[in-house]
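What follows is a short report on a single structure.
The values are calculated or read from the model by the stated rules, or taken from the named source; none is laboratory data. Given the structure is predicted, the values throughout are model-derived calculations rather than measurements. Counting neighbours? That spans all protein chains shown, and the Cβs are built from the backbone with ideal geometry, glycine included. Note: accessible area is taken over every heavy atom of the protein model, side chains too, but ligands, DNA and RNA are not part of it. Shrake-Rupley method; radii C 1.70, N 1.55, O 1.52, S 1.80 Å.
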Amino acid sequence: MPIDLRGLAIGLFLTLISAFSAHAAASCGDNTGKPATGEPIVIGAITGKTGPDDFSNSTKAAKAYFDCLNANGGINGRPVKYLVEDDQWNPEIAAQLAAKLVNDEKAVLMVGNSSFVECGANADFYKKAGILVLAGVGVPRECYFAENYAPANAGPRVSMLGAMGYALDKLNAKSVVCIGPNIPNVGTWSCDGVMLLAKEKGFAAQTILMDPGSADATSIILQAASSKPDVIVLGLPKGVTVPLLTAAEEQGLNQSITFLSAASAYDLSVPSTIGAGWAGKFYVNMEFNDLNAQTPDNQNWLAVMDQYGQKSDPRDTFAQAGYLAARIAEKALMTLDPAKINRETVSAAVRQIKDFKSDIFCAPWYFGDGQPRHNANSTTRMAVAEGGKWKVVSDCAPSPDPELKDIRAFEKSAGIN
Amino acid sequence: MNILPFIISGLGIGAVYALSGVGLVVLFRATGVLNFAFGAFGAIGAHCAWQLLEWKVPLAVAILAAVAVSTASSFAYGRIFAPMLSHRDTVVRAVGTLAPALILIGIMGVIWGELPRRLQLPTDQMFVSLFAVRLTFTRIIAIILAVAMVVAITLLLNRTRLGLDMRALANDRDLSAVLGVRILYTETAAWIITGIFSGFAGLLLADLVRLQGTFLTLLVIPAIAAAILGQLQSLWQTAAAGILIGIAEAALTPIAWISPYRAASPFIIALVAVTILGGTAKVALKDR
């Protein structure tokens with residue numbers, strides 16, 4: 001086959017331009033532009049890649065950031081050796097992988113974890129092993145009730161109650177139905193928060209738990225609408241949320257009830273998928289900043305993904321979470337003498353993180369030294385579907401989850417936020 | 001507690017379960033294969049329809065293309081691989097259909113990913129209100145289509161040479177061959193018919209439930225429950241069972257303590273049916 005030299009030259013030129021523009025934006029570590037060459041610092045991660053859903057976007061983004069960091073001097077000259085393992089949504093495998101990373105590979109820290117099962121399986125092990133976890137995405141309750149486990153995201157309950165707070169303050173909701181999955185420590189935990197808030201604030205609330213595998217979304221929606229609520233709050237994966245909204249629209253309920261969701265439905269494809277019938281009628285909570293925000297750190301995240309991630313890596317909230325977890329880890333490690341980096345010194349440094357600032361978060365992130373649990377990300381924004389896109393409609397507001405009382409008390413006593 | 005809205009709600013999905021169940025029984029009666037890939041054949045067709053609609057192709061063309069793709073997938077397996085397994089146990093032949101199901105799930109995953117999609121038909125916007133529930137024209141079409149397909153297949157089995165051959169095969173495959181029944185031709189025809197059923201069922205399920213490859217593939221299970229209730233023989237019993245399973249699943253919604261687990265109702269109903277009917281397998285597999 002003859003080679004088209006002109007085409008090849010144009011292609012090379014365009015590639016160089018695109019590469020140059022991406023390179024110019026990504027900022028990592030000391031920005032030395034020189035690769036780190038010292039002894040690697042082993043950092044582990046466990047994610048649920050294969051199984052019912054792919055949660056690995058968080059570790060993909062963390063890896064992109066660590067690659068960027070390693071290309072820019074690493075941690076004071078030492079590169080990060082980032083080992084990611086797939087728990088396959090199986091708690092037994094998650095436990096085996098934690099033992100492998102912590103005991104065999106001698107990881108000093110876990111970063112960017114994102115799994116449905118490993119918090120419950122490994123929280124006690126991490127505590128005994130003296131290793132801390134800067135997780136990207138936590139889902140079930142166990143991720144937020146462990147001494148050594150601190151996620152970057154808010155979690156389904158805090159996110160759902162963030163949406164509920166918006167419904168009470170801005171939509172004048174007086175009655176609500178909470179729909180969650182019948183998954184232990186996920187659906188009940190989240191909807192129990194709405195019920196507790198209802199008791200405190202005196203509004204009517206009802207819970208419906210559904211099997212996410214159920215084919216019949218219409219009946220769930222009819223059941224929810226039967227109590228004539230002002231709003232319906234959803235805490236389900238986006239793949240289940242869209243059929244519920246479709247069923248609601250089919251029944252004309254998008255005209256009479258406002259629907260809200262936890263951050264799980266905050267995906268750029270959702271507004272165009274659900275269609276024009278939901279313009280101004282479907283609100284989501286955002287655990288992080290707008291994915292397209294033009295703010296410096298959000299743009300740096302996108303630049304890091306463009307330059308060091310794969311083109312196919314999703315640019316979603318999970319990736320934002322993984323990027324932030326890696327940045328937090330970098331901040332802790334940079335405070336240490338590179339010759340004295342071990343599990344003890346790293347854990348001590350992470351415990352001291354009090355004011356990690358990023359425009360992707362609403363409020364500074366902190367670890368919470370001495371705290372039995374961690375939920376630093378609990379101040380969130382809201383967006384509404386409009387014109388096939390999300391439109392941010394609120395400033396950052398603290399989630400009114402009554403279960404956060406201990407977290408708020410700690411923040412007050414420690415002078416945080 | 002007013003249960004009528006839930007009965008109306010369950011009618012639409014029940015009709016598609018019925019359609020799927022009949023499609024399974026037609027194939028089983030002619031070939032002895034319980035087709036676990038039925039849902040996947042339908043799903044790939046539905047995804048193609050969605051893609052064509054995204055490319056602004058007219059709706060009728062998209063629907064025809066969906067049914068054509070599902071039918072072609074079913075035909076390809078039925079003509080190429082199924083004959084190689086035709087002398088194996090019923091279980092082996094059923095398990096063999098898991099291969100195309102898994103391959104098609106993989107193909108759909110690679111091409112379309114797992115992002116939520118919505119397949120909309122114009123009939124979703126048209127409805128009649130019954131007991132405060134909107135029964136959309138899509139659901140009405142599903143019910144009419146299920147009945148029409150059962151009538152058509154009944155006529156085919158009772159009035160045509162192909163139907164006679166199918167019934168002969170159902171009774172005794174080897175004896176039919178000795179008597180001159182064109183085995184391969186008849187079995188291939190059955191795979192094409194089940195492919196047409198899967199195409200329509202896939203389209204309707206993608207509209208009524210959700211357009212997601214794995215999910216639609218697994219919806220073969222309630223259809224198998226309906227087929228078992230029809231003792232893998234009776235088309236009308238299977239159709240009625242499919243509708244009843246859909247209604248039962250919907251009607252359990254307002255019962256709070258059982259509602260989160262109602263998706264299990266097709267399995268429990270099938271289990272009870274197998275226990276009560278007892279001889280189902282023996283009757284269906286007689287002389288095979």
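Key figures for this structure:
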item: Spacing of the two label points (7 Å from each Cα toward its C-beta) at B:A68 and A:A276, in nm; result: 3.0 nm
item: Å² per residue, accessible surface of the stretch B:33-96 at 1.4 Å; result: 45 Å²
item: Shape category assigned to the stretch B:190-261 from the gyration tensor of Cα positions, a/c cut at 1.5; result: oblate
item: Accessible surface of B:F131 - all protein chains present, 1.4 Å probe, nearest 10 Å²; result: 110 Å²
item: Förster radius 41 Å - calculated FRET efficiency between B:E114 and A:A348, Cβ distance, rounded to 0.05; result: 0.50
item: Amide H partners (placed H, <5 Å) of A:S394, local residues excluded; result: A:M382
item: Listed residues B:V133, B:H87, B:L121: farthest to the positive end of the dipole of chain B (Cβ charges); result: B:H87
item: For the stretch A:301-321 versus the stretch B:223-262, the gap between their alpha-carbon centres in whole angstrom; result: 45 Å
item: Centre separation in Å (Cα based) which lies between the stretch B:153-204 and the stretch B:96-112; result: 25 Å
item: Buried on assembly, the stretch B:259-275 (at least 50 Å² less accessible surface than by itself, 1.4 Å probe); result: B:P260, B:R262
item: Ranked order, A:K128, A:K201 - accessible area, probe 1.4 Å, largest first; result: A:K128, A:K201
item: Accessible area in the full protein assembly, largest first, 1.4 Å probe, for B:T90, A:T188; result: A:T188, B:T90
item: Packing-based order for B:213-222, A:397-406, using average beta carbon neighbours within 10 Å, highest first; result: B:213-222, A:397-406
item: For the stretch B:1-116: relative contact order, % (alpha-carbon pairs under 8 angstrom, 6 or more apart); result: 30 percent
item: Under 13 Å, Cβ to Cβ, from B:M84 - net charge with Lys/Arg +1 and Asp/Glu -1; result: +2
item: Portion, in percent, of the accessible area of the protein assembly as shown that falls on carbon or sulfur, probe 1.4 Å; result: 62 percent
item: Nearest-ten-degree value, helix A:5-25 long axis tilted from longest Cα axis of chain A; result: 80 degrees
item: Accessible area (Å², per residue) of the stretch A:211-279, counting only protein heavy atoms and a probe of 1.4 Å; result: 25 Å²
item: Whole-number percent relative contact order across chain B, with pairs defined as alpha carbons under 8 Å at least 6 apart; result: 38 percent
item: Residue-level accessible surface for A:R351, protein heavy atoms, 1.4 Å, Å²; result: 60 Å²
item: Counted charge near A:S219, where neighbours are those whose Cβ lies closer than 14 Å (Asp, Glu -1; Lys, Arg +1); result: -1
item: Global form of the stretch A:257-368, assessed from the alpha-carbon gyration tensor, a/c cut-off 1.5; result: prolate
item: Size of charge dipole - the stretch B:138-288 - debye, nearest 20, with Cβ of Lys, Arg +1 and Asp, Glu -1, no other charges; result: 100 debye
item: Area accessible to solvent at A:S219, 1.4 Å probe radius, in Å²; result: 0 Å²
item: Average beta carbon contacts from partner chains per residue of A:249-255, 10 Å cutoff; result: 4
item: Candidate residues A:L268, A:L244, B:L145, B:L59: accessible-area rank, largest first, probe 1.4 Å; result: A:L268, B:L59, B:L145, A:L244
item: In the B-A interface, the accessible area buried, summed over both sides, Å² (probe 1.4 Å); result: 2400 Å²
item: The stretch B:85-147: C-alpha gyration tensor shape, a/c 1.5 cut-off, then a/b vs b/c; result: oblate
item: Cα centroid separation - the stretch A:373-414 against the stretch A:48-77, whole Å; result: 26 Å
item: For residues of B:106-116, the mean tally of beta carbons on other chains within 10 Å; result: 3
item: Calculated FRET value between A:T295 and A:L171, using beta carbons and R₀ = 30 Å, to 0.05; result: 0.65
item: Accessible area expressed per residue, the stretch B:114-167, with surrounding protein chains retained (probe 1.4 Å, Å²); result: 53 Å²
item: Normalised contact order of chain A, rounded percent, pairs of Cα under 8 Å and 6 or more residues apart; result: 19 percent
item: Among beta bridges that DSSP assigns inside the protein assembly as shown, antiparallel share in %, nearest 5; result: 35 percent
item: Degrees separating the helix A:156-170 axis from the principal Cα axis of chain A, which is the longest one; result: 50 degrees
item: Angle between chain B longest axis and helix B:98-112 axis [Cα atoms, degrees, rounded to 10]; result: 40 degrees
